[in-house]
Amino acid sequence: MRFKIQSIPQGMNAATFAVIPLLFLLLAGCKEKHPQQTAHPDIIHRLNLTLMEAVVQDGFSPPVSSRVYAYPNIAAYEAVIHGDTNFISYAEQLNGLSELPQPEPRRRYSREVVMVKSFCDVARAMVYRDFILDEAEASLLDSLRKENDEKTFEASMALGKNLGEA
C-alpha cells in the first residue's frame, strides 16, 4: 500500500501548518494558578511528629489517638484556609464545630503562626505530656517571630489562640 501525500489545501500556506503545533504547545503549557502556599510546608509535619511522640508516650488507644490527631489538624487546616476561596471550612459541617473566629479585614496575619498556635493549643488540651508540645511550639514560634513584624505576629497569635479555643 502506498500513501500519497496530499498537497496543502488552497488558502493555507506552510506557515499556517507551522503555527498550529505551536498553538497546541502553548495551550498545553498553560496551567491554572495554584492558591498561595505556605512558606514552610514542613511545619505541619514537625507538629504532627511532636504530637505523635506525645500520643505514644501517653499510650492512648487507637480510637482516642485518632481523635487526638484529627482535632489539632482540623484547627491547623482552619488556620491556613482564611482568605482562600478554593477551600471550604469544616465549621457547621462537623458535629460540635460551629462558627469559627474570622480574621479582621485589612489586617495582616501569618498563616504559619496562626497554624502553630491553634494546632498546639488544641493538641495540648488532648494529651497528658503537653511539655513535649510546649518545646516544639516555642521553637517554631521563635523562628517565625523573626520572619514577621511584631504587629503581624501578635495579631496572628491572637487569632490562633481564638481558633484553638473555638
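Within the stretch 153-161, does at least one residue satisfy the condition of being modelled with pLDDT under 90 and either in contact with a His (Cβ under 7 Å, 6 or more places away or on another chain) or among the β-branched types (Val, Ile, Thr) (or both)? No, that holds for no residue. The set of residues in the stretch 58-81 being part of a helix (DSSP H, G or I), more than 14 Å from Ala166 (Cα to Cα) and among the hydrophobic types (A, V, I, L, M, F, W, C) consists of Val64, Val68, Ala70, Val80.
So, in the stretch 117-139, exactly how many residues are basic (Lys, Arg) and in a helix (DSSP H, G or I)? The qualifying residues number 2. Filter the stretch 119-139 down to residues that are under 13 Å from Asn48 (Cα atoms) and among the small types (Gly, Ala, Ser) and give me whichever is surrounded by the fewest Cβ atoms within 10 Å (Cβ to Cβ). In this case the residue turns out to be Ala136. Return yes or no: is Leu51 among the aliphatic types (A, V, I, L, M), touching a residue at least 12 places away in the same chain (Cβ under 8 Å) and surrounded by fewer than 17 Cβ atoms within 10 Å (Cβ to Cβ)? Here the answer is no, as Leu51 does not meet what is asked.
Looking at the stretch 82-116 only, could you name the residues that are in contact with a Pro (Cβ under 9 Å, 6 or more places away or on another chain), assigned to a loop (DSSP other than H, G, I, E, B) and among the β-branched types (Val, Ile, Thr)? Please lay out each step first, then the result.
Of the residues in the stretch 82-116, the ones in contact with a Pro (Cβ under 9 Å, 6 or more places away or on another chain) are 82-87, 109, 114.
Those still in the list that are assigned to a loop (DSSP other than H, G, I, E, B) too: 82-87, 109.
If the condition is that a residue be in contact with a Pro (Cβ under 9 Å, 6 or more places away or on another chain), assigned to a loop (DSSP other than H, G, I, E, B) and among the β-branched types (Val, Ile, Thr), then Thr85 is the only one that fits.
The values are calculated or read from the model by the stated rules, or taken from the named source; none is laboratory data. Please read all numbers here as calculations on a predicted model, not as lab measurements. Don't worry about glycine lacking a Cβ; one is built from the backbone with ideal geometry, like all the others, and counts go over all protein chains shown.
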